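Enquirer: Let me begin by handing over the structure; questions about it come next.
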Amino acid sequence: MGKEDIIKKGDLYFPGEELKKGAQLKDEAIYQKAAKDPVKFWEELAQDLKWSKKWEKGFSHDPPYFEWFKGGKINITQNALDENLKERANKPALIWIPEPIEEQARVLSYQELLREVNKFSNVLKKLGVKKGDRVGIYLPMVPEAIIAMLSCARIGAVHSVVFSAFSPAALKIRLQDTGAKILITADGYYRRGKIMNLKENADEGVKETEVEKVIVVKRAGNEIPWQEGRDLWWHELVKDESDQCQPEIMDSEDLLFLLATSGSTGHPKQIMHTCGGYAVQAKFTGKWIFDWHENDIFWCTADIGWITGHTYGVYSPLLNGITTLIFEGAPDWPEPDRWCQIVDKHQVTVFYTAPTAIRMFEKYGEDFLKKHKLDSLRILGSVGEIFDEAAWYWYFEKVGKRRCPIVDTWWQTESGGILISSLPGMGPFKPSFIGLPFPGVKIDILDNKGKSLGPDQQGNLVILPPFAPGFLRGVYKNSKKYLETYWKQYGKEIYFTSDAAYRDKAGLVRIVGRVDDVIKVAGHRITIGELESAIALHEDIIGCAVVGKPDEIKGEVPIAFVVSKKTEKPVEQLKKEVVEQVKKEIGPIVLPQEVYLVEDLPKTRSGKIMRRILKKLFTGEPLGDLSTLANPQSVEKIKKIVCG
Ligand code: WTA
């Protein structure tokens, strides 16, 4: 038996002795200990961080609001950067891989990263940014993205990152909601060999917002529009700046960042995360779930525009003093094995990606894998979508060569960090099941009336107090949304995740899918409402319904049914325009795969569109009783269009 073998027992997999021996956590007693007094448990973990003043109270609860480590004073960058200078000043903190093969990787040691962060912190201060001010970041995966985030955190400003593939219209809404006066962007970046002109989008997006200054990172050297007085080059601003800047001492409960997630009415929600609790959860979930040791090189493939990029691309690895690797491009460009080349060349030890990427790699066949060793890998992670058995086995066998534990991690933008996962030193790893709640996290699965369900019974996944320190503290400037979305279903003390799930007899959780109108397209979270609002803006469209259709690679893809005004336009053109409309309002990431022009949408007598019925056209389920519809004949007609 090899040193790091995984042992199979029935349908479960466990770490072998060697793996167990070296693991951060190997004693299952931690689960009981944490469950006995979760607040005390998290407080013990919090002591591992550097606080300028210790907190007075671990957890305070005024439902549906709560706080962690109240009275404590901390700066997350002091923990993520300064604290690492003592033992690892010259160790790589960040490895950046540009997309063009011929371009060199850029490596920043902890010391260098701190210096860059300090310089840019000073820049922001000089531009008048103060504690509590929001700063927009619309950057591709370049080192400056991380430097910008950390600089905000250093001076107590609140970063609000907008995914660089979002359209100008999507950027605009997010800037308006946060009231940012500064936007940090780039001239352009590489994607699949092309230069994307990000600055053009940024210019469009800042119109009708409060943005006064636009800081531009020179990345691709492409020609860009320039507004004198408003636009400033990053490299010119930092050139003569001091590389010293004291971290702002923050209250544990001060805002650290805002991150938007799709809202049900079409308007995104700005999720609020605070300093102290987030730092504690980010640090320990990373350390234990990815089993990090001093020399680990961690590659999280998520973009910093999403929560996974925030927590596991940036904060968690740096808080643990390990090396984080970020990549500018698409993992299968210019060849399907680009990601393997990166793993081998940079000796990546822990790889964290999404099922969509795994299914995509799988589709390319096996030959490309044979050229690569992939023997630096120790642990493989997955996040963001349901991880089906076929993809699980492919990842386990072909990438991890049956040596590497697979940690499937369940969490949300709202939870700030992972809540459910197995732990590498203990297991079990069970294909298509996530695992147990992280120590100190209490969950339940309830029926619609709030009754707790037993093994194999499917219901709604909820999180119980004390939740977790990194949980959201609210929806920015919208407490109504906060209440309605999370605390209405089961009252103000039970957090409703909107995921359906069940547990096996051992308590391992399996996610079934969302129960609200969120769909996950290649791991990107979007609501039906947001897609429909975008389409409704088209002048010829008078009705529309979007549903998620199961997709082999992307998990789900949006399908749009539209009703149009009388128009001379050819159908094909109208369909194209609908797709363009989504691209314009949201961006190219979640385009409808199919647009069907229909006469009428199935509606109840009270006028509610029955999306459930439309969805069944793709899942093959029986359509059920249509007699309650106001227009049952519409379904037959649509069926003919879809199924021929
Ligand atoms: C889904 C991503 C199955 C789930 C970190 C959740 C998952 C939503 C998993 C949050 C997983 C996340 N298995 N489904 N391991 N992880 N989800 O906010 O529906 O982008 O509610 O956060 O993704 O998506 P978000």
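Nothing in this text is a laboratory measurement; each read-out follows from the coordinates by a stated rule. Quantities reported herein were computed from a predicted structural model and do not represent experimental measurements. Heads up, the Cβs are rebuilt from the backbone with ideal geometry, glycines too, and the neighbour counts pull from every protein chain shown.
Enquirer: Rg and Dmax of region 162-230, Cα atoms, in Å?
Expert: 11.6, 34
Enquirer: What list of ³J(HN,Hα) values in whole Hz, one per residue of region 335-341 in order, does the Karplus curve 6.51 cos²θ - 1.76 cosθ + 1.60 (θ = phi - 60°) give from phi, with Gly and Pro shown as x?
Expert: Calculated HN-Hα couplings, in order: 10, x, 9, 3, 5, 5, 4 Hz.
Enquirer: Identify the trypsin sites (Lys or Arg not before Pro) of region 189-224 meeting these criteria: DSSP loop state and at most 11 other C-beta atoms within 10 Å of the C-beta.
Expert: Working: sites: ARG191, ARG192, LYS194, LYS199, LYS207, LYS213, LYS218, ARG219; in loops: ARG192, LYS207, LYS218, ARG219.
Filter output for region 189-224: ARG192, LYS207.
Enquirer: Another question, if that's okay. So how do ASP177, ASP11, ASP62 line up by other beta-carbon neighbours within 10 Å, fewest first? Kindly include the intermediate steps, with their values, before the conclusion.
Expert: Details: ASP177 21, ASP11 12, ASP62 8.
Result, fewest neighbours first: ASP62, ASP11, ASP177.
Enquirer: Report the extension gain between LYS488 and LYS50 in nm, rounded to one decimal, defined as 0.36 nm multiplied by the number of residues separating them, less their alpha carbon distance.
Expert: Details: separation 438, 0.36 × 438 = 157.68 nm, distance 3.69 nm.
Full-extension gain reported as 154.0 nm.
Enquirer: Turning to a different aspect of this structure: Using 19 Å as the Cα-Cα cut-off, could you pick out the over-long pairs in LYS172/LYS239; LYS481/LYS616; LYS363/LYS398; LYS371/LYS430; LYS131/LYS199; LYS576/LYS615? All intermediate terms of the calculation are to be shown ahead of the outcome.
Expert: Numbers: LYS172/LYS239 30 Å; LYS481/LYS616 30 Å; LYS363/LYS398 12 Å; LYS371/LYS430 29 Å; LYS131/LYS199 27 Å; LYS576/LYS615 22 Å.
Long pairs (Cα-Cα over 19 Å): LYS172/LYS239; LYS481/LYS616; LYS371/LYS430; LYS131/LYS199; LYS576/LYS615.
Enquirer: Which order, highest average first, do 311-317, 625-631 follow once you tally other Cβ atoms within 10 Å for each residue and take the mean per peptide? Before the final figure, lay out each step's value.
Expert: Working: 311-317: 27.9, 625-631: 12.1.
Peptide ranking by packing, descending: 311-317, 625-631.
Enquirer: Which order results if LEU259, LEU232, LEU198 are arranged by neighbouring Cβ count within 10 Å, fewest first? It would help to have the intermediate numbers written out before the result.
Expert: On the way: LEU259 28, LEU232 16, LEU198 25.
Ordered by Cβ neighbours within 10 Å, fewest first: LEU232, LEU198, LEU259.
Enquirer: Using a cut-off of under 18 Å, list every residue of region 164-192 whose amide N is near the label point 7 Å from the Cα of HIS267 along the Cα-to-beta-carbon line.
Expert: 169-180
Enquirer: So for the pair GLU87, ARG612, with labels modelled 7 Å out along Cα→Cβ, what separation do we get in nm?
Expert: 5.5
Enquirer: May I pose another question? What list do you get for GLU556, GLU28 if you sort them by fewest beta carbons within 10 Å? Don't skip to the end; give the middle numbers.
Expert: Values: GLU556 24, GLU28 13.
Listing GLU556, GLU28 from fewest to most nearby Cβ atoms yields GLU28, GLU556.
Enquirer: Mind giving me the nanometre distance, one decimal, between the label points for VAL571 and HIS293, set 7 Å out from Cα along Cα→Cβ?
Expert: 6.3
Enquirer: Mind scanning LYS283/LYS442; LYS57/LYS451; LYS33/LYS86; LYS554/LYS637; LYS554/LYS575; LYS283/LYS373 and naming the pairs with a C-alpha gap bigger than 24 Å?
Expert: On the way: LYS283/LYS442 19 Å; LYS57/LYS451 32 Å; LYS33/LYS86 32 Å; LYS554/LYS637 28 Å; LYS554/LYS575 22 Å; LYS283/LYS373 30 Å.
Long pairs (Cα-Cα over 24 Å): LYS57/LYS451; LYS33/LYS86; LYS554/LYS637; LYS283/LYS373.
Enquirer: Expressed in nm to one decimal, what extension gain is obtained for the pair GLU228 and LEU127 from 0.36 nm per residue of sequence separation less their Cα-Cα distance? Show your work: numbers first, answer last.
Expert: Numbers: separation 101, 0.36 × 101 = 36.36 nm, distance 1.56 nm.
Taking 0.36 nm per residue and subtracting the Cα distance, the gain is 34.8 nm.
Enquirer: Now for a different question. If you project the alpha carbons of the chain onto their three principal axes, what span does each projection cover, largest first, in Å?
Expert: In descending order, the Cα extents are 72, 66, 57 Å.
Enquirer: In addition: Rounding to the nearest 20 debye, state how big the charge dipole of the chain is about its Cα centre with +1 on each Lys and Arg Cβ and -1 on each Asp and Glu Cβ.
Expert: Values: 90 positive and 89 negative charges, 214 e Å.
The calculation lands at about 1020 debye.
Enquirer: Sticking with this structure for a sec: Given Cβ point charges of +1 (Lys, Arg) and -1 (Asp, Glu) and nothing else, what value in debye, to the nearest 20, does the dipole of region 109-257 about its Cα centre take? Could the numbers behind the result be given before it?
Expert: Details: 21 positive and 23 negative charges, 59 e Å.
Dipole magnitude for region 109-257 comes out near 280 debye.
Enquirer: A follow-up question, please. What full-extension length gain, to one decimal in nm, is calculated for SER376 and HIS235 as 0.36 nm per residue of separation minus the Cα-Cα distance? It would help to have the intermediate numbers written out before the result.
Expert: Details: separation 141, 0.36 × 141 = 50.76 nm, distance 3.58 nm.
Difference between extended and current length: 47.2 nm.
Enquirer: Further, regarding this structure: Among DSSP beta bridges whose residues both lie in region 109-257, state the antiparallel percentage, nearest 5.
Expert: 15
Enquirer: Another one. What is the P(r) of region 524-643, as percent of Cα-Cα pairs per 10 Å bin from 0?
Expert: Each 10 Å bin holds this share of Cα pairs: 13, 46, 34, 7.
Enquirer: When only alpha-carbon atoms count, how far does region 109-257 stretch along each of its three principal axes, as whole angstroms with the largest first?
Expert: 40, 32, 30
Enquirer: Is any residue of region 354-376 close enough, with backbone N under 17 Å, to a label point placed 7 angstrom from the Cα of ARG402 along the Cα-Cβ axis, and if so, which?
Expert: 375
Enquirer: In region 524-643, what % of DSSP beta bridges are antiparallel (nearest 5)?
Expert: On the way: 12 of 16 bridges.
Counting DSSP beta bridges with both partners in region 524-643, the antiparallel share is about 75 percent.
Enquirer: Here's something else I'd like to know. Whole-Hz Karplus ³J(HN,Hα) for region 587-602, in order, using 6.51 cos²θ - 1.76 cosθ + 1.60 and θ = phi - 60°, x for Gly and Pro?
Expert: Using θ = phi - 60°, the values come out as x, x, 7, 10, 5, x, 6, 9, 10, 10, 8, 10, 6, 7, 9, x Hz.
Enquirer: Pairwise over distinct Cα atoms, reciprocal of the mean inverse distance: report the Kirkwood radius of region 42-150 in Å, one decimal place. Write down the numbers at each step before the final one.
Expert: Details: mean 1/r = 0.0604 Å⁻¹.
It works out to 16.6 Å.
Enquirer: Which order do peptides 540-548, 271-279, 102-110 fall in by mean Cβ count within 10 Å, highest first? Write down the numbers at each step before the final one.
Expert: Details: 540-548: 20.9, 271-279: 26.6, 102-110: 14.7.
Listed from highest to lowest mean packing, they are 271-279, 540-548, 102-110.
Enquirer: Taking Cα centroids, how far is region 562-589 from region 625-644 in Å?
Expert: 23
Enquirer: What are the extents of the Cα atoms of region 319-415 along their three principal axes, in Å, largest first?
Expert: Answer, in whole Å and largest first: 39, 32, 27 Å.
Enquirer: Given R₀ = 22 Å, what would the calculated FRET efficiency be for ASN631 paired with ASP540, taking r from the Cβ atoms and rounding to 0.05?
Expert: Working: r = 21 Å, r/R0 = 0.97.
After rounding, the FRET efficiency stands at 0.55.
Enquirer: Moving to a separate point now. Beta carbons within 10 angstrom, averaged per residue: use that to sort the peptides 559-571, 156-168, highest first. Show your work: numbers first, answer last.
Expert: Numbers: 559-571: 15.8, 156-168: 23.1.
Packing order, densest peptide first, comes out as 156-168, 559-571.
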